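In what follows, a single structure is set out as structure tokens and then discussed.
The values are calculated or read from the model by the stated rules, or taken from the named source; none is laboratory data. Being a predicted model, the structure only gives us computed values, none of them experimental. Quick reminder, even Gly has a Cβ in these numbers, built from the backbone with ideal geometry, and neighbours come from all protein chains shown. To get the accessible areas, we keep the full protein, side chains included, count just its heavy atoms, and leave off ligands, DNA and RNA. Shrake-Rupley method; radii C 1.70, N 1.55, O 1.52, S 1.80 Å.
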Amino acid sequence: MAAHRFATTLSLTTALSLGAPFLGLATACTASEGAVAAETVPGGVKAPPAGDTVGAPGVGDPDFPQDGNGGYDVDHYGLKLSYDPASKRLEGSAAIRARAVQDLTAFDLDLHGLTVSRVTVDGAAAQFGRREDELTVTAPARIKNGTRFDVTVDYAGVPDPVRNYAGLGTYGFIATTDGSFVTCEPNGAKTWFPSNDHPSDKATYDFKITVPEGLTAIANGEMDAQPKTSDGKTTFAWREKHPMATYLATMTTGKFEVRTGTSDLGIPVYAAVDPAFHGSLDNLYTASAKITDYWTTVFGPYPFSSTGGVVDNYSAGYALENQTKPVYGGFTPDTGIIAHELAHQWFGDSVSITRWKDLWLNEGFATYAEWLWSEHRGGQTADALFRSYYANNLDPIWSYPPGRAQRADLFNGSVYTRGAMTLHALRKEIGDATFFALLKKWTAAHRYGNATTEEFVALAEHMSGKKLDGLFDAWLYQPRRPAPVT
Ligand SMILES: [Zn+2]
């Protein structure tokens, strides 16, 4: 993901017209140099020491050592959830299908708060323990490397969002007056379901979410069945059949007005707004459809089976690109921010980062998409935007190299703006034809998977036939303003 956040004190219009990501509020994850690269197996899971049968408590992202877990890779989450806004109580049952990548006698899931009542592994009751945000499960029988296994976790309680972790503000499962606002970047999925909470382990999902009759429950993907109501409660079934990072999962619930249909290119569209944003529904629907269609011409085929957006009346002051359902927290989005969140469906959601330090692969690309959108609709060109940012030699982006997002300041404006400038500098160096072919090749080559900055640099060099290490080093890794681009 990448949250597109901006200071709530900053006027929205100002923030968006600057194309500025917003400032400050957030920080979070980073990964360190070469983090996962050397010692990982596919999926970014760290190879265990030989003979160890206990899955590691972290997936191997050195900047977020407790995030995710080692020893297995999740294929699918089946989540049954029931939420009561009056009591703020969540009841859940998670059915997780995973594949062991080492022999396992025990393994961890990430879970924050909530009370676990029962855990099974392959149908047999399993012992479990809790320590901080780790749920440790003892396998009733040794799980052999390479085998698939099923874990169920029954749990309940009042979800407690993550607060002030690494300066990131409040995120995860947030109770609202009429339901829940759920945006989880970077590691808030653990506040509402037990998971391998790191983007290097993507999985498919199905959701059955029960709420009081009259409310709507919105999750990722498409509705699997018509909502069913009995005894004053309605259950909504959603399915995301494409791999998804945990931080992109959502269960946004409450009173919503919904408009559905298909875009001109035939992509199903689901738009929903809190009744307080009644006047925004048609614009959200129309802009989301039109912009998704436009991005297919620039970035390649749309990776998922539907598009859309959700405006809730929780004043988060940011938007998050939840897969197929970007959510806008408490404001009417203009087309610039919609263009940003929908660009993330390609950059971040379909092609996901392997470690948080590469976050510019999400945010630099989505910010550059805002510039392309501005140019497309007759506003400032990408080149003019680049030049206006470059002209300010006092901008703090020059001291923050965007190629290494820092844990304590993860969503720094440099990751967005200087990340976008990196792409523009690349475009000037290799020419429009090669640059736009590269964007499509990148989204195709890593569709539904994970990628790293090194892979992007290698692809850019391969397609252009040029050595580009100097350009990328200056733009991504040096704490100073690069030489002018001609
Ligand atoms: Zn973003």
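Among Arg447, Arg387, which is closer than 23 Å to Val59 by Cβ and more than 16 Å from the ligand (Cβ to nearest atom)? Even if it seems obvious, please write down each step before you answer.
Working: Arg387 fails: closer than 23 Å to Val59 by Cβ.
Unique residue meeting the criteria: Arg447.
Of the residues making up region 320-327, none is more than 13 Å from the ligand (Cβ to nearest atom) and open to solvent by 10 Å² or more (accessible area, probe 1.4 Å).
Given the condition part of a loop (DSSP other than H, G, I, E, B), under 24 Å from Thr252 (Cα atoms), at pLDDT below 95 and open to solvent by 50 Å² or more (accessible area, probe 1.4 Å), answer yes or no: does some residue in region 51-66 qualify?
Filtering region 51-66 for residues part of a loop (DSSP other than H, G, I, E, B) gives 51-53, 55-66.
When the remaining residues are screened for being under 24 Å from Thr252 (Cα atoms), the result is none.
No, region 51-66 has no match at all.
Please state which one of Gly348, Gly329 is among the small types (Gly, Ala, Ser) and either at pLDDT below 95 or touching a helix residue (DSSP H, G or I) at 6+ places or on another chain (Cβ under 8 Å) (or both).
Details: Gly329 fails: either at pLDDT below 95 or touching a helix residue (DSSP H, G or I) at 6+ places or on another chain (Cβ under 8 Å) (or both).
Sole residue among the options that is among the small types (Gly, Ala, Ser) and either at pLDDT below 95 or touching a helix residue (DSSP H, G or I) at 6+ places or on another chain (Cβ under 8 Å) (or both): Gly348.
Collect the residues in region 111-154 that are farther than 20 Å from Thr53 by Cβ, open to solvent by 60 Å² or more (accessible area, probe 1.4 Å) and polar (S, T, N, Q), keeping them in residue-number order. Correct list: Thr115, Ser117.
Condition check ((1) closer than 18 Å to Lys208 by Cβ; (2) open to solvent by 10 Å² or more (accessible area, probe 1.4 Å)) across all residues:
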| site | (1), (2) |
| --- | --- |
| Tyr72 | no, no |
| Leu79 | yes, no |
| Tyr83 | yes, no |
| Leu90 | yes, no |
| Ile96 | yes, no |
| Arg99 | no, yes |
| Leu109 | no, no |
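Taking the numbered list (1) β-branched (Val, Ile, Thr); (2) buried (at least 17 other Cβ atoms within 10 Å of the Cβ); (3) within 18 Å of Phe435 (Cβ to Cβ) in turn, Ile337 passes all entries but (3). Within region 286-317, the set of residues being open to solvent by 10 Å² or more (accessible area, probe 1.4 Å) and either among the hydroxyl-bearing types (Ser, Thr, Tyr) or within 13 Å of the ligand (Cβ to nearest atom) (or both) comprises Thr286, Tyr294, Thr296, Thr297, Tyr302, Ser305, Tyr314, Ser315. State whether one or more residues within region 259-271 are in contact with a helix residue (DSSP H, G or I) (Cβ under 8 Å, 6 or more places away or on another chain) and either at pLDDT below 95 or under 23 Å from Asp178 (Cβ atoms) (or both). Checked against the condition, which is being in contact with a helix residue (DSSP H, G or I) (Cβ under 8 Å, 6 or more places away or on another chain) and either at pLDDT below 95 or under 23 Å from Asp178 (Cβ atoms) (or both), region 259-271 yields at least one hit.
Could you check how many residues of region 389-402 are open to solvent by 60 Å² or more (accessible area, probe 1.4 Å), part of a helix (DSSP H, G or I) and not aliphatic (A, V, I, L, M)? Give the steps one after another, and end with the answer.
Just the residues of region 389-402 that are open to solvent by 60 Å² or more (accessible area, probe 1.4 Å), to begin with: 391-394, 396, 399.
Subset that is part of a helix (DSSP H, G or I): 391, 396, 399.
If we keep only those that are not aliphatic (A, V, I, L, M) as well, we get 396, 399.
Selection size over region 389-402: 2.
Gln380 falls short of the stated requirement of being under 25 Å from the mean Cα position of the chain (by Cα), open to solvent by 50 Å² or more (accessible area, probe 1.4 Å), at negative phi and not acidic (Asp, Glu).
For the structure I just gave you, tell me whether Thr253 is assigned to a strand (DSSP E or B), more than 16 Å from the ligand (Cβ to nearest atom) and touching a residue at least 40 places away in the same chain (Cβ under 8 Å). Let's see the steps before the verdict.
Working: assigned to a strand (DSSP E or B): yes; more than 16 Å from the ligand (Cβ to nearest atom): yes; touching a residue at least 40 places away in the same chain (Cβ under 8 Å): yes.
Criteria met by Thr253.
Quick one: which strands (runs of 3 or more DSSP E) lie wholly within region 187-231 and hold at least 2 residues that are among the β-branched types (Val, Ile, Thr) and open to solvent by less than 10 Å² (accessible area, probe 1.4 Å)?
Details: elements: 203-212, 216-218, 228-230.
Because the criterion is at least 2 residues that are among the β-branched types (Val, Ile, Thr) and open to solvent by less than 10 Å² (accessible area, probe 1.4 Å), the strands (runs of 3 or more DSSP E) in region 187-231 that meet it are 203-212.
For region 232-245, residues that are in contact (Cβ under 8 Å) with a residue 40 or more places away in the chain and assigned to a strand (DSSP E or B) total 6. For Glu370, the requirement of being assigned to a helix (DSSP H, G or I) and either closer than 16 Å to Tyr247 by Cα or without any contact (Cβ under 8 Å) to a residue 24 or more places away in the chain (or both) is not met. I'd like the full set of residues that are polar (S, T, N, Q), in contact with a strand residue (DSSP E or B) (Cβ under 6 Å, 6 or more places away or on another chain) and near the ligand (Cβ under 9 Å from one of its atoms), limited to region 329-381. Result: Asn362, single match.
The number of residues in region 286-302 that are within 14 Å of Pro268 (Cβ to Cβ) and outside any helix (DSSP H, G or I) comes to 1. Among the residues making up region 458-486, those that are within 13 Å of Arg418 (Cα to Cα) and among the basic types (Lys, Arg) are Arg480, Arg481.
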